[in-house]
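Student: Please find one structure pasted underneath; my questions will follow.
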Amino acid sequence: MDSRYEVVIGLEVHVQLTTKTKIFCGCSKDFGQEPNSQTCPVCLGLPGALPVLNKQVVEYAIKTGLATNHKIAPRSIFARKNYFYPDLPKGYQISQFELPICEHGWLNIETEEMGKKKVGITRIHMEEDAGKLIHSEGNSSAVDLNRACTPLLEIVSEPDMRSADEAIAYLKKLHQIVMYLGVCDGNMEEGSFRCDANVSIRPWGQEEFGTRAELKNLNSFRFIKQAIEYEVERQADLIDDGGKVVQETRLFDPDSGVTRSMRGKEEAHDYRYFPDPDLVPLVVSDDWVERVRGELPELPEAKVKRYTDELGLSEYDAGVISTERSVAEYFDALVKLHNNPKICANWVMGEVSRALNDNGIAIADCPVTPELLAGILDRIADNTISGKIAKTVFEEIWNSGKSADQVIEEKGLKQVTDTGAIETMLDEIIAANQSQFEELKGGKDKLMGFFVGQVMKASKGKANPGMVNQLMQKKLKG
């Protein structure tokens, strides 16, 4: 970030909701369908077609508001946002303006450079999406209205962020929350979670905000960071050269890494907002809010606190485990079956995560269920198998679906804990490597690993490593 000026960033995030149907009609909102195949008179904006509010959209708005510390308005109003564009068939967008459903929220974020910080959220409001323009070579464009009337939540932050890193931390936290809630699938490439960034700069110590530019076309965390950093440099260079920043909308070009002017930035009055006469005011009772509050899942911050305070995990492990709700639920189920949280966390972050990545599947489809994994961990705990053999058992269970006990029995993988059998192997190895043994006795401690490794090799990994070490110590003393 440019050290010459203080950076001021506010973010407007559009969250596409996971409802089955659109916000004001019964059309499906499945992504990638034949153009204009998921439309009706309402989302086409035909004369006389009346919108009917989808109750699930309201529930999702309340849920998101509660999870981000908002006050839920007992009464909110839908408004018409008037502008003319080919992908907006009605000539206006149904949104909320003066009375949104959620106001005055906040999120805690953390960055390496600045530490912990609270970012205010001005409002969350419900609205419909527009259609999509498809530009072809030449001068022609087509319009696909499948996306028209798709339900969105617009989440508008306060201008509280002072770096691209803080903006990304906020976005990742918000992205995590809406996915935990199940209100959004979080797919940024498909536009399910997209962001406009309002960026300005001001001399250090100045209270008045500088002129802002709104950055659009941001569909990944990496591009958002690049766009903000480029825009800060552009504005700083412009001011240093005696120019003035113009309030405008700019598009980010990911290929060149620069922002380009698109149009002058509209103000609220340009849209001529007025209450939508076809939709009555929305009334949300306290009972409704409390019912939704009772349905909220345990959120990431609460999970991290529980994992560290009650289960004794490190903050790092707790953060990794709680990143995705499905992973955290797998871990919670595992800990109930095998009461060693640290070992459970190691396996979820280690073998389970590796196998999922290698096979390109989500943890919900993991063939090694918490019950099957607990069986492996139980056998490690009672010394039936070693940690090394456990990985072989895990792989076999992944492929066969058998239990740990079945695999261990069928493959003959029980750990050798008979001290007599281990001592016999050890004596043979010492006899075959007498000079190394004398060096070990003389203080060359690194050779201990050599002898333990030879026993493990001779036993095909079945010897208990702890017993091997104990017997070696006896041999050295004897």
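Student: Once you place label points 7 Å from the Cα toward the Cβ at ASN346 and ASP445, how far apart are they in nm?
Tutor: With each label point 7 Å from Cα toward Cβ, the separation is 2.1 nm.
Student: I'd like the FRET efficiency for ASN383 and ASP30, computed as 1/(1 + (r/R0)^6) with the beta carbon distance as r and R0 of 56 Å, rounded to 0.05. Please report the intermediate quantities before stating the final value.
Tutor: Details: r = 53 Å, r/R0 = 0.94.
The computed FRET efficiency comes out at 0.60.
Student: Then there's this: Sort VAL393, VAL156 by heavy-atom solvent-accessible area, probe 1.4 angstrom, most to least. Walk me through the intermediate numbers first.
Tutor: On the way: VAL393 0, VAL156 30 Å².
Solvent-accessible surface, decreasing: VAL156, VAL393.
Student: Roughly how many Å² of HIS104 are accessible to a 1.4 Å probe, to the nearest 10?
Tutor: Number for this one is 120 Å².
Student: Figure the gain on full extension for ASN82 and ASP286 (residue separation times 0.36 nm, minus the Cα-Cα span) and round it to one decimal in nm. Mind showing how you got there, number by number?
Tutor: Working: separation 204, 0.36 × 204 = 73.44 nm, distance 3.26 nm.
Between ASN82 and ASP286, full extension yields an extra 70.2 nm.
Student: Could I ask something else about it? I'd like the distance separating the alpha-carbon centroids of the range 157-174 and the range 93-149, in whole Å.
Tutor: Centre-to-centre distance over Cα atoms comes out at 15 Å.
Student: Going 7 Å from the Cα of SER326 in the Cα-to-Cβ direction, what parts of the range 8-31 have a backbone nitrogen less than 19 Å from that spot?
Tutor: Residues 16-20, 31 fall inside that zone.
Student: Using a Förster distance of 45 Å, how high is the FRET efficiency between GLU137 and VAL52, based on the Cβ-Cβ distance and rounded to 0.05? Each step should come with its number before you reach the end.
Tutor: Working: r = 40 Å, r/R0 = 0.90.
Result of the calculation: an efficiency of 0.65.
Student: Next question. Determine the dipole magnitude for the range 298-411: charges of +1 sit on the beta-carbon of Lys and Arg, -1 on that of Asp and Glu, nothing else is charged, the reference point is the Cα centre, and the result goes in debye to the nearest 20. Provide the component values of the computation, followed by the final result.
Tutor: Details: 12 positive and 20 negative charges, 35 e Å.
Using only the charged Cβ atoms, the result is roughly 180 debye.
Student: Let me ask another. Hey, which lysines would be in cross-link range of LYS411, C-alpha to C-alpha under 27 Å, not counting anything within fewer than 8 residues on its own chain?
Tutor: Here the lysines satisfying the reach criterion relative to LYS411 are LYS388, LYS391, LYS402, LYS457, LYS460, LYS462.
Student: Give me the accessible area of LYS172, 1.4 Å probe, in Å² rounded to the nearest 10.
Tutor: Counting only protein heavy atoms, LYS172 exposes about 110 Å² to solvent.
Student: Moving to a separate point now. Between LEU337 and LYS475, what is 0.36 nm times their sequence separation minus the Cα-Cα distance? Round to one decimal in nm. Spell out each step's value before the answer.
Tutor: Numbers: separation 138, 0.36 × 138 = 49.68 nm, distance 3.98 nm.
Between LEU337 and LYS475, full extension yields 45.7 nm more.
Student: Round to the nearest 10 and report in Å² the accessible area of LYS411, as given by a 1.4 Å probe over the protein chains' heavy atoms.
Tutor: 120
Student: Probe radius 1.4 Å, ligands and nucleic acids left out: which of SER261, SER322 has the largest accessible area, and how do the rest follow? Don't skip to the answer; put the middle values down first.
Tutor: Values: SER261 75, SER322 0 Å².
Descending order: SER261, SER322.
Student: How much length would be gained if the chain were fully extended between LYS71 and LYS244, taking 0.36 nm per residue of separation minus their Cα-Cα distance, in nm to one decimal? Before the final figure, lay out the partial values.
Tutor: Values: separation 173, 0.36 × 173 = 62.28 nm, distance 3.85 nm.
So the chain would gain 58.4 nm between LYS71 and LYS244.
Student: If we sort 50-58, 143-151 on the protection proxy, mean other Cβ atoms within 10 Å, highest first, what's the order? Working shown, then result.
Tutor: Working: 50-58: 16.1, 143-151: 23.2.
By packing density, highest mean first, the sequence is 143-151, 50-58.
Student: Label-point separation (nm) for GLN436 and LYS402, each offset 7 Å from Cα along Cα-to-Cβ?
Tutor: About 3.4 nm separates the two model spin labels.
Student: Ranked from highest to lowest mean number of other Cβ atoms within 10 Å per residue, what is the order of the peptides 11-17, 441-447?
Tutor: Details: 11-17: 22.4, 441-447: 10.3.
Highest-to-lowest ranking by the protection proxy: 11-17, 441-447.
Student: Looking only at Cβ-Cβ distances, which cysteines of the chain have no other cysteine closer than 4.7 Å?
Tutor: Here CYS25, CYS27, CYS40, CYS102, CYS184, CYS195, CYS344, CYS366 come out as lacking a disulfide-compatible partner, given the Cβ-Cβ threshold of under 4.7 Å.
Student: Given the rule -39500 (n - 2.57) for each run of at least 4 DSSP H residues, summed and divided by the residues of the chain, what is its mean residue ellipticity at 222 nm, to the nearest 500 deg cm²/dmol? Please list the in-between numbers first.
Tutor: On the way: 16 runs with 185 residues, N = 478.
When only DSSP H runs of four or more count, the value is -12000 deg cm²/dmol.
Student: Here is a follow-up. Let's see if you can work this out: charge +1 on each Lys and Arg Cβ, -1 on each Asp and Glu Cβ, no other charges. What is the dipole magnitude of the chain about its Cα centre, in debye to the nearest 20? Intermediate results must be reported in sequence, preceding the final value.
Tutor: Values: 57 positive and 74 negative charges, 172 e Å.
Magnitude of the dipole: close to 820 debye.
Student: For the full complex of protein chains and a 1.4 angstrom probe, list ILE177, ILE343 by accessible area with the highest value first. Please list the in-between numbers first.
Tutor: Values: ILE177 5, ILE343 65 Å².
Largest accessible area first, the residues go ILE343, ILE177.
Student: Next question, about the same structure. With the dipole of the chain worked out from charges on the C-beta (+1 for Lys and Arg, -1 for Asp and Glu) around the Cα centre, which of ALA142, LEU334, HIS175 lies farthest toward the positive end?
Tutor: LEU334
Student: If you don't mind, there's one more thing I want to ask. What is the distance in Å between the Cα centres of the range 418-449 and the range 301-380?
Tutor: 38
Student: What ³J(HN,Hα) values, in whole Hz, does the Karplus curve 6.51 cos²θ - 1.76 cosθ + 1.60 give for the range 18-26 when θ = phi - 60°, with x put for Gly and Pro?
Tutor: So the J values, rounded to whole Hz, are 8, 5, 6, 10, 6, 6, 10, 8, x.
The values are calculated or read from the model by the stated rules, or taken from the named source; none is laboratory data. Keep in mind the model is a prediction, meaning the values are calculated, not measured. Cβ sites come from the backbone with ideal geometry, for glycine too, and all protein chains shown count toward neighbours. For the accessible areas, the whole protein counts, side chains as well, though only heavy atoms, and no ligand, DNA or RNA atoms are used. Shrake-Rupley method; radii C 1.70, N 1.55, O 1.52, S 1.80 Å.
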